[in-house]
Structure formats: C-alpha cells, structure tokens
Amino acid sequence: MRKKIVAANWKMNLKLAEGAELVNDLYNTMPALSNNCNVVIAPPYTHLLQTATQLAVIDHVYLGAQNCHHESSGAYTGEISAGMLRSTEVDYVIIGHSERRQYFGEDNELLARKVNQVLSNSMNVIYCCGEPLEIRDAHTQNIYVEQQLKKGLFHLSAEQLIDVVIAYEPIWAIGTGRTATSTQAQDMHAHIRSVIADQYGADVAANISILYGGSCKPSNAAELFACADVDGGLIGGASLKADEFIGIISAMIKS
Ligand code: PEP
C-alpha cells in the first residue's frame with residue numbers, strides 16, 4: 001500500500017530560532033500519524049541538526065533537505081553532499097524543485113545524478129516535476145512531465161524506485177495562490193502513474209506516492225487529497241505556519 005505524505009518545503013525562510021519555534025508548535029498540535037501516513041519537514045541546511053533533534057521525539061515525522069550536490073565530495077565550495085545530509089539524519093531529499101530548475105539551471109540530466117547520490121546514501125528522493133504556464137496553455141503538459149520523469153528517473157531499477165516519491169507541481173500554481181483544480185491534479189497524477197506503469201509495471205505504479213504541490217492550503221487540501229491518485233502534498237507557503245500546516249496534515253489523515 002502506498003504511503004500518504006505531506007512534506008513541508010520551508011525554502012529560504014525562517015531564522016534558526018524561528019524554525020525551532022515552528023517545529024515546537026507542530027509537536028504540540030500534531031495529530032496521530034501512522035506507518036502509512038507520514039510528514040516530512042525540509043528546512044534550510046543550517047537548521048538540519050537542530051530539526052533532527054526535535055523530530056527524534058515525534059513519530060512518523062521525517063527530516064528532509066531541499067537539494068544536494070551531484071558529486072559525492074570534492075572541491076565544490078559552498079555545496080552540500082548527499083552523504084553529509086545522511087550524516088545529519090536526513091531521510092528525504094527534494095530533487096528538481098522548479099526553483100532549482102529555473103534559477104540554478106538544473107536540467108533533467110543533472111537531476112538524474114542527484115537522484116543517484118540520494119539513493120546511494122540510503123535516503124528517499126522527492127522528485128519534482130511540473131510544467132510552466134505556456135506549456136499548460138499549449139496543452140502539452142503530459143508530454144512535458146513525461147520527459148522530466150523519463151530523463152530524471154527512468155535509469156533506475158524497479159527496486160530503486162521504491163525509495164522515490166514524485167511531486168507534481170505545476171509551476172503556474174507555486175506560490176501564486178492559483179491552485180490546480182482537483183480535476184487537473186487528478187488527470188496529471190493518473191497520467192504520471194500510467195507512465196510509471198508502462199515502464200515498471202502496474203504493481204510498481206500502484207505503490208509509488210505522488211504528491212501535489214502548488215498553493216495547497218487547509219481550504220483546498222481535502223478536495224485535492226480526495227483524488228484517487230493524489231497521495232498527499234508538497235507544501236511551501238502554508239508549511240511556515242503551524243496551524244495551516246496542521247490543517248493540511250489533518251486533511252491527509254482524513255483522506
Ligand atoms: C513549493 O514550492 O513546493 C510549493 C508547493 O509552494 P507553495 O505551496 O507556496 O505554492
């Protein structure tokens with residue numbers, strides 16, 4: 001049975017003390033989770049150790065990171081390797097977020113190397129895909145997302161794919177307040193699952209978690225998570241406020 005997951009992407013927000021306060025507030029109000037209903041929190045690198053300590057006492061809440069380098073070590077000033085992340089108790093690494101693709105020029109080939117680094121260091125990948133507005137307007141989003149999946153993930157074996165979660169994040173919905181409708185989300189999630197089924201078989205496709213991301217809030221989470229192929233969410237802005245993030249987690253638990 002595939003997992004339901006709600007993952008927080010704090011991006012470049014919150015000072016160390018603010019991050020500690022947010023996790024503390026989450027701890028005090030977190031509803032009961034389970035083996036199949038998990039939460040991931042991905043703070044900035046500087047907060048990882050502190051957050052790891054705080055999360056150690058919260059069941060089924062895992063530590064995430066927002067990126068890693070595509071090499072295992074070396075002269076890459078300012079970069080962080082997957083091995084370093086693992087050594088701070090990170091379990092999930094977000095790879096291929098549209099902001100990394102757009103502002104840092106990360107392409108599918110580079111992302112495939114990052115995926116390999118994460119998996120070879122015994123962590124899980126949250127692989128982001130999603131189309132810009134002009135692709136959606138041209139109705140070519142299915143083929144666009146398919147290419148992102150094929151180039152970034154399809155070099156993996158079926159066994160390796162077990163440690164991968166996919167996040168579909170239409171770029172036009174990220175941080176814009178313009179959420180995809182539940183029909184748009186379901187259509188794309190079903191398409192992603194069918195592309196995985198074609199490559200890896202129906203069993204693998206049925207077991208992979210596919211999260212929706214893009215202006216997800218407590219007010220729209222229940223409708224999105226009710227879709228048959230939506231297994232939770234990757235949450236940006238609404239993950240920075242404890243009450244909003246808890247509202248989204250509660251919607252996942254009820255879905
Ligand atoms: C994101 O950046 O992954 C995201 C989904 O952001 P927001 O929820 O703010 O749209």
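We did not get these values from a lab; they are worked out from the coordinates using the rules stated. This one's a predicted model, so the numbers in the text were calculated from it and none came from an experiment. When we count neighbours, we look across all protein chains shown, and the Cβ atoms used for this are built from the backbone with ideal geometry, even at glycine.
Here are some notes:
Conditions tested, residue by residue: (1) in contact (Cβ under 8 Å) with a residue 24 or more places away in the chain; (2) closer than 24 Å to residue 61 by Cβ; (3) under 17 Å from the mean Cα position of the chain (by Cα); (4) within 15 Å of the ligand (Cβ to nearest atom).
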| residue | (1), (2), (3), (4) |
| --- | --- |
| 76 | no, no, no, no |
| 88 | yes, yes, no, no |
| 94 | yes, yes, yes, yes |
| 103 | no, no, no, yes |
| 112 | yes, no, yes, no |
| 118 | yes, yes, yes, no |
| 122 | yes, yes, yes, no |
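- Of all residues in the range 209-226 being surrounded by fewer than 20 Cβ atoms within 10 Å (Cβ to Cβ) and of a type in the set (A, V, I, L, M, F, W, C), the one that is nearest to residue 162 (Cα to Cα): 226
- Tally of residues being more than 16 Å from the ligand (Cβ to nearest atom) and either surrounded by 14 or more Cβ atoms within 10 Å (Cβ to Cβ) or hydroxyl-bearing (Ser, Thr, Tyr) (or both) across the range 155-181: 6
- Members of the range 220-246 found to be more than 13 Å from the ligand (Cβ to nearest atom) and part of a helix (DSSP H, G or I), listed by number: 222, 223, 225, 242, 243, 246
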